[in-house]
Amino acid sequence: IKSMTQLSPKFKLYILGNGELKPHLSSLISQLKLSNRVFLLGHKTPVYSYLFHADLFLSTSKYEGCPNAVIEALSCGLPVISLNYGAIYDLIEHEKNGLIVTKQDPNVFSDATEKAHHLSFNRPKIQKEALIKHSLNHTIQEYEDVLYK
């Protein structure tokens, strides 16, 4: 959230979910006077309606095996900025369907957000490739390839 002060005023951040950090984030938003740019929306379902209207998805998790939230964002054609963890390199092609950052640092995410804003991501292509790659048929085929070859 602190890096929002470094980004252009046109950027807005919407945070979905009700995690344990929500009171801290709310306080930080007030302290940094970002209530007109950072919004804590709480638990929302379905999330797809929010993803389809977003311009970018940020995944700041340090640890996840196969991040469902990233797959959901890609399935909506949304470019993703993510920390390099777990299977992220299997999901994100740097500068094609998102950006991979190597350091969990607000300045690094801020720089990546600015960079992503200037890249021309092909959202229909991102969506199409994600829906194919993460389809049930594709997943079954990958299991069969591993088990029977």
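Mean projected area of the Cα convex hull of the chain, taken over all directions, amounts to 9.7 nm². The orientation-averaged shadow of the Cα convex hull for region 39-86, equal to a quarter of the hull surface, comes to 3.6 nm².
Annotation note: trypsin sites (Lys or Arg not before Pro) in region 78-128 located in DSSP loop regions with a Cβ neighbour count of at most 11 within 10 Å are Lys103.
Helical content of the chain, expressed as a calculated mean residue ellipticity at 222 nm, amounts to -12500 deg cm²/dmol (DSSP H runs of 4 or more residues, -39,500 (n - 2.57) each, divided by residue number, nearest 500). Counting only DSSP beta bridges whose two residues both lie in the chain, roughly 10 percent are antiparallel. Of Glu20, Glu64, Glu114, the residue with the greatest mean-square motion in the GNM of the chain, using alpha carbon springs below 10 Å, is Glu20.
The protection proxy used here, the mean number of other Cβ atoms lying within 10 Å of each residue, ranks peptides 80-93, 131-144 as follows, highest first: 80-93, 131-144.
Could you compute Rg(Cα) / (2.2 N^0.38 Å) for region 77-125, with N its residue count?
Dividing the Cα radius of gyration by 2.2 N^0.38 Å gives 1.08.
Spin-label pair Ser135-Lys33: with each label point 7 Å from Cα along the Cα-Cβ axis, the two points sit 5.2 nm from one another. D by Stokes-Einstein for region 1-84, Kirkwood Rh over Cα pairs, 25 °C, 0.890 mPa s: 177 µm²/s. To the nearest 10 square angstrom, how much accessible area does Asp55 have with a 1.4 angstrom probe? The accessible area of Asp55 comes to roughly 120 Å². Normalised by the number of residues in the chain, the average gap of Cα pairs under 8 Å and 6 or more apart makes the relative contact order 20 percent. Within the same chain, lysines fewer than 8 places from Lys133 are excluded, and of the rest, those with a Cα less than 22 Å from its Cα are Lys96, Lys125, Lys149.
The values are calculated or read from the model by the stated rules, or taken from the named source; none is laboratory data. The shown structure was predicted, so the numbers you read here are calculated from the model rather than taken from an experiment. Please note: Cβ atoms are built from the backbone with ideal geometry, for glycine as well, and neighbour counts cover all protein chains shown. Note: accessible area is taken over every heavy atom of the protein model, side chains too, but ligands, DNA and RNA are not part of it. Shrake-Rupley method; radii C 1.70, N 1.55, O 1.52, S 1.80 Å.
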